[in-house]
Amino acid sequence: MLTEPCPAAGFARLLSLLGEQRTVVIQPHDFPDHDAAASAFALGELLRLQGYTPHLLYRGVIRSHSLKSMISELEIDLKRVKNTAGGDLIKCPCIVVDGNPANTNARPVTEFLFGVVDHHGNAAAPDCPFTDIDINSGSCSALVARYWEETGILPQKNIATALLMGIEMDTDFLARRVSKLDVDALYRLFFQADWEFSAKALKTSLSIRDLPSFKTVMANSKIRGNIFFSISNTDASQEVISILADFFLRFREILVTIIIETEGKTRHVSVRSRDPHISAARIIREALKDLGSGGGHDHMAGGLIDTEAVINENELFHRFLDAVAKEQEYS
């Protein structure tokens, strides 16, 4: 298990290891969020300035209103693949950002896992030439921003804006799991970026169409001790499920929130914990055994229930209760 930042970090080291391999695939984790998309974009553009040809590829579906706005407004060339990269790209070095193949949500889209740049814990070290994993950082965007600082190159406004949004989103506007690296990066980026667009896009990420999800989560909620559990049987986006999980953690009596979407092509799960002794990442992995996959941080985790899995809502409730109980015994 990784408990300390990997010493083999640094953009100069990445370049030295890449050598003459000029075409590179950069892959955010499956069903990418703002931090993953920003990290992939900013790393790709920095490599482009060094004479490389980056291709940004991802699996899954983007269902976040604000992330779609970010990708469109900032002109992020992020392409979806169904399973693996096509053509000659399948042989190219792949750098996974904001994810780790050991966390199951970032299986490389090429045959050559070259590197991992990540800030998630609770996973084994990947077997690849380059790793930069700092579990103390609140965002992967801050790690990539450090690469830009290392080169002395000032990122263009759209790149700075993407990195700013990645940091703000993953740290909840510097309200959770913030490191000095995040704060320093945000300070360098803020006025270089379009911070007004960033605030508008992230603060107005919901739609009137999302209101039914709030209603069903309230109606289906179950509270057991300090655990809040609910099912959304409307077709909600990953963003809405995450916002709801964050919202119910604001209640003083609640330490753990679990929100599950049971409709739609992708069935999302969000888990939050504000108890330092209860890991959201371990809860979601334990509860979704044989049903799906998940991972993340101790305070925040997400996952998916397999589309072919048969869901019994009461069984799901008790799966998560048992997972939390196991965490409490573990601590």
* Over segment 1-104: Kirkwood hydrodynamic radius from C-alpha pairwise inverse distances, Å -> 14.6
* Applying 1/(1 + (r/R0)^6) with R0 = 25 Å to the Cβ-Cβ distance of Gln156 and Lys79, what FRET efficiency is obtained, to the nearest 0.05? -> 0.75
* Whole-number Å³ per residue for the convex hull built on Cα positions in segment 46-141 -> 126
* Structure fact -> Reduced to Cα centres, the span from segment 115-172 to segment 41-67 in Å works out to 13
* When Rg is the radius of gyration of the Cα atoms in segment 11-203 and Rh is its Kirkwood radius, what does Rg/Rh come to? -> 0.93
* **Listed residue (Tyr187, Ile227, Leu163) projecting farthest to the positive dipole end of segment 150-275, Cβ model** => Ile227
* Asked: Which one of His299, Val310, Ile260 is farthest out on the positive end of the charge dipole of segment 208-330, using unit charges on Cβ (Lys, Arg +1; Asp, Glu -1) and the Cα centre as origin?
  -> His299
* Asked: Hey, can you rank 29-37, 276-284, 199-207 by average C-beta count inside 10 Å, highest first?
  -> 29-37, 276-284, 199-207
* Structure fact -> Rounded to the nearest whole number, the Stokes-Einstein translational diffusion coefficient of segment 105-219 at 37 °C and 0.692 mPa s (Kirkwood radius, C-alpha pairs) in µm²/s is 204
* **Cβ-placed point charges (K, R +1; D, E -1), dipole of the chain about Cα centre in debye, nearest 20** => 420
* **Antiparallel bridges, percent of DSSP beta bridges restricted to the chain (to nearest 5)** => 40
* **Folded to 0 to 90 degrees: helix 313-330 orientation relative to the chain principal axis, Cα** => 70
* State the extension gain, in nm to one decimal, for the chain segment bounded by Ala125 and Asn220, taking 0.36 nm per residue of separation less the distance between their alpha-carbons. => 30.3 nm
* Asked: Most exposed first by the Cβ proxy, i.e. fewest other Cβ within 10 Å, how do Glu327, Glu111, Glu253 rank?
  -> Glu253, Glu111, Glu327
* Could you give log10 I(q)/I(0) at q = 0.16, 0.18, 0.19 Å⁻¹ for segment 194-331, computed by the Debye formula over C-alpha point scatterers of equal weight, without solvent? => -0.78, -0.97, -1.07
* Structure fact -> Cα-based Rg and Dmax for the chain, in Å, come out at 19.1, 58
* To do: Calculate how steeply helix 238-248 sits against the longest principal axis of the alpha-carbon atoms of the chain, using the helix alpha-carbon long axis, and give the answer as 0 to 90 degrees to the nearest 10.
  => 60
* Structure fact -> Restricting to lysines and to Cα separations under 16 Å from Lys79, and discarding same-chain partners fewer than 8 apart, the set is Lys68
* Asked: Stretch Leu206-Glu20 to full length: gain in nm at 0.36 nm per residue minus the Cα-Cα span?
  -> 62.5 nm
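Readers should treat all values here as calculations from the given coordinates under stated rules, not as data from a laboratory. Everything numeric here is computed off the predicted structure, so don't read it as measured data. Ideal geometry is used to build each Cβ from the backbone, glycine not excepted, and the neighbour counts take in all protein chains shown.
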